[in-house]
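Have a look at the structure below, then the notes.
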Amino acid sequence: MKTLAQLEQDAQDLANQIKALKEAEAHEPWEPKNGEFLCGNLSRITRVRTQRNKQGRLFQTQEAAEQAASFFTFYQRLYQLALECNAKHEATRPYYIGFDGTVWLPSIASVGYTCPARLATSHAAAREACNIMNRDQWIMPTM
């Protein structure tokens, strides 16, 4: 028969193992496995098999897909806008399209701004994109 001290040590060991397992599970990002999931795009959310996950936008529930839709739509629109503006201006150096909390501004560094991506290939392209985003009152999405 075990002593009280041994039982307390066993209980502490089990508590440590449980804590380690919970931490390991909490840090493991969800990845689609076999089965059916929801795929969100700009126009609709549809059910797909995991083999079709080329865009990397699969969600376990309709609610999660709808919540992420505005986030992905924003970045898809931003990327398309950058492509259009870059095509009109000679490439000089990469620029961020930054948000200072009030307006969108071109920036060569991400310091002091929320910069979703460094997509512009010149100051002129970044300035044109920022002007359009300010005119149309683009809002930075959150998840």
#### Entry: Amide H partners (placed H, <5 Å) of Trp104, local residues excluded
Asn134
### Task
Please list, in chain and number order, the residues 5+ apart from Ala120 or on another chain whose amide H is under 5 Å from its amide H, with Hs placed from the backbone.
Tyr95, Ile97
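Listing Glu63, Glu128 from the residue with the fewest other Cβ atoms within 10 Å to the one with the most, what is the order?
If I rank by nearby Cβ atoms, fewest first, I get Glu63, Glu128.
Laboratory data are not the source of any read-out in this text; all were calculated from the coordinates shown. These numbers come from a predicted model, not from an experiment. When we count neighbours, we look across all protein chains shown, and the Cβ atoms used for this are built from the backbone with ideal geometry, even at glycine.
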